[in-house]
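Take a look at the structure set out below.
The values are calculated or read from the model by the stated rules, or taken from the named source; none is laboratory data. Being a predicted model, the structure only gives us computed values, none of them experimental. Glycine also receives a Cβ, built like all others from the backbone with ideal geometry; neighbour counts cover every protein chain displayed. For the accessible areas, the whole protein counts, side chains as well, though only heavy atoms, and no ligand, DNA or RNA atoms are used. Shrake-Rupley method; radii C 1.70, N 1.55, O 1.52, S 1.80 Å.
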Amino acid sequence: MGAVQWLALLIFHPLEFKTLLQFYLYHEQRRDIKALKEHPTSGWDRQSMQRCWEFLDKTSRSFSAVIKELEGDLARTICLFYLVLRGLDTIEDDMTIPDGVKQPILRKFHEYTVTPGWKFEGNGPEEKDRQLLVEYDLVVEEVNRLSPAYKQVIIDITQKMEVGMADYAHKAATTGVIYLETVSEYDLYCHYVAGLVGEGLSRIFSASGKEAEWLGQELELSNSMGLLLQKTNIIRDYREDTNEHRFFWPREIWGKYGFKEMKEMYQPESSERAQWAQSGMVLDALRHATDALDYLRYLKNQTVFNFCAIPATMAIATLELCFMNPEMFQRNIKIRKASAAHLIMRSTNPRDVGDIFREYARKIHAKAVPTDPNFIHISIACGKIEQWCEQNYPSFIQMPNSSLGSNEPSLDVSDARTRIANLESEFNGELAGRKRMVELAKGDRVLAMSRIGIVKANGRFSKANGTSATSQQPSMGQLMLYVGAAFTLLIALGFGAAYSVVWLAGDSSLAGTAASSA
């Protein structure tokens, strides 16, 4: 951003100016792939890998930033994985390549990816990623340098994806069918182009040892993660795709509102019906939200979590931006830079990501109108996100506040569930006390019951076990207070002892002087 843009932001959007300033000042880059110490894992000391990093920056700036911050050789591996799939997608998308030429290339792309020296110069001159395939031999060289485990995942996923892409390209070229008819077809298409990416990433994370081995087998959650991102992009890119005669919205969703062609939706007279179709598409994307949140909870490596969580929070924010927004049908809309920066800074742990999803789900629900045929289903989808957050991170349990000297979670006294939690704590304390009394009585039930009655009458069960989850241990502030008091007492005692010794020594010297003078 230039100085004029910063000044305009300060005048017209001061809060966004503050957020962006905080981001640029305090958000530290975790890794510099160009640094000498990173060369063994980033490959920056090789010209071929430097060129691959440059291609990554050109093809996707958003993914490039998060990929570069991954630990160890994960960054280089996923960079190459992305470039391989981008090359495959570039051939599939290029409508200037005849189907007879395209089909054999697509169906053998996994073989070409490990064939030294292979590259492709047959893309149309207007294809934006044409140069990647012109210099694809550099990608091949670097893929062949990867460890066998990583290389096998990339080849396997590429082979699965190329089959789906080739089938869809052949169908469009030979039958003239340009629309996806059903939601099932839509899901299958998104699985080929994005769900398989999620599967591949999970397997790479597992192969790296930075995530659990079983994560690579979580195919349903990995697929949902990919579908959430892909469907969000398909919704947002409606106008761009329609202008270029690419139609990904399934007819099952938009056809029920009287449209015969997708381009009819951006006509002014169709604005209300277009919003119903838009609402149906957002509803379809939201069904993957809780699976994505579940997937994020399984991740343990911080850089891997950031890599997955940031696109997910961007996706839910984009869905909220598109929902009931007629501007989406006229131009390509994106969330503002300040919002993106705020999401990046917050997307650091599963609880905060869940809170972000809940915030945007509430915004979506607030924008929904009862006249929308999808109104009830939208409400249910947003409610499922609320339910997920409450089930996994109950809102009445408040996180520790280090500024107040607390290192333990506390309970919100204004929430009715706190009273239930306190009663449960008392009940568990009483059960533990009863068990202890029976043990002390050595099986004498009468003696045990009499002791229990005395203790219960004095209220010692509840006092001993507390009335909340946080009353059992002192807070950090209380602990520091106790330590300070003890330290002060020790100093006072030391001074007192020293004073006594000096005083006694002074008396003895005086007595000796008096005796000698006598």
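Odds and ends about this structure:
- Separation between Cα centres of the range 277-346 and the range 215-256, rounded to whole Å: 13
- Members of 210/363; 210/384; 128/160 lying beyond 27 Å, as alpha-carbon distances in this model show: 210/363; 210/384
- Under-5 Å amide H pairs with residue 398, H placed in peptide plane, nonlocal only: 410, 411, 412
- Highest-first arrangement of 389-397, 171-179, 488-496, 288-296, where packing means the average Cβ count within 10 Å: 288-296, 389-397, 171-179, 488-496
- Extension gain from residue 29 to residue 398, taking 0.36 nm per residue of separation minus the Cα-Cα distance: 129.8 nm
- The charge dipole of the range 87-180, taken about its Cα centre with unit charges on the Cβ atoms of Lys, Arg (+1), Asp and Glu (-1) only, comes to about 280 debye.
- Where labels lie 7 Å past Cα in the beta-carbon direction, separation of residue 61 and residue 181 in nm: 4.2
- Solvent-accessible area, 1.4 Å probe, carbon plus sulfur percent, for the range 302-366: 52
- Heavy-atom accessible surface of the range 167-258, averaged per residue, reaches 42 Å², computed with a 1.4 Å probe.
- Extension gain, residue 499 back to residue 432 (0.36 nm per residue minus Cα-Cα distance, nm): 19.0 nm
- For the range 166-203, applying the loop criterion from DSSP together with a ceiling of 15 other beta carbons within 10 Å to the GluC sites (Glu not before Pro) yields 181.
- Three-way shape label, the range 180-335, alpha-carbon gyration tensor, a/c 1.5: prolate
- Cut-off 15 Å between beta-carbons: net charge of the residues surrounding residue 234, Lys and Arg +1, Asp and Glu -1: -3
- Cβ-placed point charges (K, R +1; D, E -1), dipole of the range 252-406 about Cα centre in debye, nearest 20: 380
- Rel. contact order, % - alpha carbon contacts under 8 angstrom, at least six apart, the range 164-236: 31
- Whether the range 100-149 is rounded, prolate or oblate, judged on the alpha carbon gyration tensor where a/c under 1.5 counts as rounded: oblate
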